[in-house]
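Note sheet for the following structure.
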Amino acid sequence: MDRLRLVSVALLLVLVSILSGCWDHREVEDLGIVLLTALDLAPGNKIRVEVQTLVPGAVVGGGAASMGMGGGGGGRKRYLNLVAEDRTVFEAIRRMSLEASRELFFAHNQVILISEKLAREKGVTEIIDFFARNRQFRRDTWFLVVRGDPRDIMEIPTHLETTPAQVIMGIINRQDLSSYFAPTKLGEFIKMLESTGIEPYTAILQLKPNPAFTRISLLPGVDTPPSLYRLWLAGAAVFRQGKMVGQLSERETRGLLWVRGEVRGGPITIALPASQGKQELTMEIMRFGRGGVKLEPYLAGGRLGMKVKVSVRVNLAESQNLQLDLNNPRVISRLEKELAGVIKGEIMACVTRLQEEYRTDALGFGQAVHRKYPRVWRQVKGEWEDVFATMPVAVEVKTVIRRIGLINNPTPPHMLEVR
Amino acid sequence: MQQDGRGNLIEEGRISSRQMAMLLFTLIISTVDVYLPAVVAGVAGRDAWIAVFLAVVYALVIWAVAVTLASRFPRQTIIHYSKEILGPFLGGLIGMLLLVYFFFVGASIVRILVEIMKSSFMPRTPLVIFAASVVLVACYALFGGLEVIARVNGILLPLGIAALLFVGLGSLPQVDFGQYLPVLEKGLGPVNWGGVILASTIAEIIIILMLYPYLQDRNRVGLNGLWALLGLGAAMLIGVLAIGLFTAEVTAAMNFPALEMVRVIRLGPQRTYLDIVIAAIWVGGIFVKVALVYYAVALGLAQWLGLRNYRPLVVPVGILMVALSVMAYHGLSDLLYTELKIFPGYSLSHALLIPLLLLVVAWLRGWRAKG
């Protein structure tokens, strides 16, 4: 028995050396954990890679003290940005090791940013290979387009979060509160890029002047002035054959998301004629998703058309129209019709923009045609861009207003006789 | 030994036909879902799921031939009765061909294990470390004999099935079944070829020709094997979920779609990177597969040489297997090319044609050595 025990202990000791990871062992202390990777076009047809790494000591130690200072100021900065240029992405990343004391580790990278310039001029087809091939990057990393210089975005002061990367993540994670921008994950983007009959899209990240910044902010005595700029995710960048060709507005983006079945919430406002001009009601989109939309291509006289059927459930969030009797089902069904018109308008705005201006099928109409009419698809796929651009599109929206909140009728001033 | 026909059975352990079916299941599933979905997606496109059904049908034919042949010579392995059917020279040659086949399969899967570990997890570790460590453990299992391998599999297989179901169910919410439309766009040709490629891997079930004499309940093995094959079909359908997850084009471009499937699974916002956990279970499956094939080679070689014991051969065969796994391929491209272009013909000629030939000749010569 004793001998057996001795042998077991010896074997366990051997295991220790095996489990340490052989030649690939890495100590956490030696890793620079990257949260964000950005790509930009540099002069001389080079690629500029920018990464944001976490500074662990500053997060744990001095973090709380400098909370209001937005990363800089009092304590140590809680992140470190590195920039390098080279001909390929990998080459540039390894070039960073010349100035970084730690090995960059990308398994926790959350966001990949592509500058608009790179997306428009060079396209993403070549550079995306690295991210799919590398074992550290994950397919569920967000893949966004940046307006302007990504370096500006990576230095934006933060207040609630530790790093700008986390601010971006936070905004994306709450996309369902508005559905006004269309972020795409790396895996989804690659899927749309490689599939026929659909073109990729993703949200645009940009800086905008901070509306909370006032004259008072700079006066002595104010603790920490707010930054002049804020991060802002807006709309969608649409691509054609790997190159960004245009941008959709917030309204058009939601039209795109309706068709793609990716609206998960957000406000939607209808305007009703009232005694004093128009008065607005806002609904909150409740449940939607892939099941809420149907793309039905049809053939009419040898010509392809597309019927988009959408059905939505909403709750009333706010009514500024005092004359409405919300207890009356007929009023509700009138509101539902109005709302359907607004949603239809959003979708058609997107369709028109894509058909007439950008001529790119981000809606996936080609895929729907391919699935329903494989033979027809074989004929038209060569000139799909033209077929898509001239395709008649009909939108059918069905809406249901489920709940109207905690009160039924608006609270009118006492002199108004409503009922 | 007299009543065992004219062979040296060597192994004293006996396993049940259910254990046998479980061994066959592990034997196939540990490799078939790993990289083959990509190969089949490249060949059959979004119709890969149809190829799975065809593959099961083809595999049933292979299984039927093998079991019919084996049941004619229940106390011998193919190494013996091939000599009995075709004479010592031709029969010996056939026996050697099959041993080389199993040896090659063993070396190839060791290499697949190495390639996945190196590509996805530990690129700097020398490949011989992975190859040697799995063969070393298998070597230890071989000294225990067939029963030991079957019992280890009894522990590892439920874990493996749980992992498989986890991958299937975990990725299901993200699967877009629209990706499988339109069906049969390019006709049956590519789908059929996809089915053949899959069947050529499943063809490794002819290891039954080496293990049949060691079964306790031989009459039930045909049926249990059938269940194993149907289960394999279901498991392969989980593998082709990758197409619904990533589209056929992207899946075809992946080297290890199963791994990518695990990577997209999310259990809430934090628990997302589960690939290494699943990989650990999968390594268990690969170990059983290596052990089983390795066992077939060592045992068969001992019988071929007329030895009384296979144990002296275990270490040399293992060393050669590691050596072949290291030297047979330059890299992953080699391996995938072999798997797509060479292995189907090689495997099917050994797993289908050789048993069929033996069966026909034995029938012509009037079934000797029964029972």
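The values are calculated or read from the model by the stated rules, or taken from the named source; none is laboratory data. It should be emphasised that the depicted structure is a prediction, and the values quoted were computed from it without experimental measurement. Cβ: placed from backbone, ideal geometry, glycine included. Neighbour counts: every protein chain shown. Just the protein is used for accessible areas: all its heavy atoms, side chains included, with ligands, DNA and RNA removed. Shrake-Rupley method; radii C 1.70, N 1.55, O 1.52, S 1.80 Å.
The calculated FRET efficiency for B:V277 paired with B:L169, based on their beta-carbon distance and R0 = 22 Å, is about 0.90.
GNM remark for chain A: springs join alpha carbons under 10 Å apart, and the peak mean-square fluctuation among A:L98, A:L257, A:L186 falls on A:L98. What residue among B:L353, B:I85, B:G331 has its Cα farthest toward the positive end of the dipole of chain B, where the charges are +1 on Lys, Arg and -1 on Asp, Glu, each on the Cβ? Selected residue: B:I85.
Ranking A:T269, A:T360 from most to least accessible surface, computed with a 1.4 Å probe over the protein chains only, gives A:T269, A:T360. Can you give me the % of accessible surface on the protein assembly as shown that is carbon or sulfur? Probe 1.4 Å, all protein chains present, nothing else counted. Answer for the protein assembly as shown: carbon and sulfur cover 60 percent of the accessible area. Length available on full extension from A:R403 to A:R378: 0.36 nm per residue minus the Cα-Cα distance, which gives 4.3 nm. Taking Cα atoms, how many degrees apart are the long axis of helix B:188-202 and the longest axis of chain B, rounded to 10 and kept between 0 and 90? Helix B:188-202 sits at roughly 50 degrees to that axis. Computed over chain A with a Gaussian network model linking Cα atoms closer than 10 Å, the most mobile of A:R78, A:R215, A:R359 is A:R215. The charge dipole of the protein assembly as shown, taken about the Cα centre with unit charges on the Cβ atoms of Lys, Arg (+1) and Asp, Glu (-1), comes to about 1480 debye, rounded to the nearest 20. For the pair A:T269 and B:F177, label points projected 7 Å from Cα toward Cβ lie 4.1 nm apart. Modelled spin labels at A:L15 and B:S333, positioned 7 Å past Cα toward Cβ, are 4.1 nm from each other. Heavy-atom accessible surface of A:M169, to the nearest 10 Å², is about 30 Å², with a 1.4 Å probe and all protein chains retained.
Each of A:H159, A:H370, A:H25 has its accessible area taken with a 1.4 Å probe; listed largest first, they run A:H25, A:H159, A:H370. On full extension, the segment bounded by B:V57 and B:V137 gains 25.3 nm, given 0.36 nm per residue less the C-alpha separation.
Taking the C-alpha atoms only, the angle from helix B:17-32 to the longest principal axis of chain B is near 50 degrees. Measuring with a 1.4 angstrom probe and ignoring ligands and nucleic acids, B:R263 comes out at about 30 Å² accessible. Taking the Cα centre of chain A as origin and assigning +1 to Lys and Arg Cβ atoms and -1 to Asp and Glu Cβ atoms, the resulting dipole is close to 1180 debye. Rounded to 0.05, the FRET efficiency of the A:E284 and B:A323 pair, given R0 = 51 Å and the Cβ-Cβ distance, is 0.15. When the Cα positions of A:G187, B:P74, A:T163 are compared along the charge dipole of the protein assembly as shown, B:P74 comes out farthest toward the positive end, with charges on each C-beta of Lys, Arg, Asp and Glu. For A:V222 and A:L160, the FRET efficiency from 1/(1 + (r/R0)^6), where r spans their Cβ atoms and R0 equals 22 Å, is about 0.75.
Out of B:G92, B:G144, B:G300, any idea which swings most in a Gaussian network model of chain B, alpha carbons joined below 10 Å? Fluctuation is largest for B:G144. Label-to-label distance for B:R151 and A:N328 is 8.3 nm, based on points extended 7 Å past Cα in the beta-carbon direction. For the protein assembly as shown, the mean residue ellipticity at 222 nm estimated from helices alone is -15000 deg cm²/dmol, where every DSSP H run of n ≥ 4 contributes -39500 (n - 2.57) and the total is divided by all residues, rounded to the nearest 500.
State whether region A:27-248 is rounded, prolate or oblate according to the following rule on the C-alpha gyration tensor (a ≥ b ≥ c being the square roots of its eigenvalues): a/c under 1.5 gives rounded; otherwise a/b larger than b/c gives prolate, and the remaining case gives oblate. Judged from the Cα gyration tensor, region A:27-248 comes out oblate (a/c at least 1.5, b/c at or above a/b).
Ranking B:I62, B:N8, B:G284 by how far each Cα lies toward the positive end of the dipole of chain B (charges on Cβ) leaves B:N8 at the top. Taking a ≥ b ≥ c as the square roots of the eigenvalues of the Cα gyration tensor of region B:9-366, is the shape rounded (a/c under 1.5), prolate (a/b larger than b/c) or oblate? In terms of gyration-tensor shape, prolate.
Between 0 and 90 degrees, the angle of helix B:354-364 with respect to the longest Cα principal axis of chain B falls at about 40 degrees. The distance separating the Cα centre of region A:333-356 from that of region A:102-121 comes to 35 Å. The value obtained for the protein assembly as shown, namely the Cα convex hull volume divided by the number of residues, is 231 Å³ per residue.
At what distance in angstrom do the alpha carbon centres of region B:177-218 and region A:362-399 lie from each other? That distance is 36 Å.
Which distance in Å, rounded to a whole number, links the C-alpha centroids of region B:331-365 and region B:3-71? Region B:331-365 and region B:3-71 have Cα centres separated by 13 Å. Subtracting the Cα-Cα distance of A:E27 and A:N134 from 0.36 nm times their residue separation leaves 36.5 nm of extension gain. Among residues other than B:G239 with Cβ under 13 Å from its Cβ, the summed charge is -2 (Lys and Arg +1, Asp and Glu -1).
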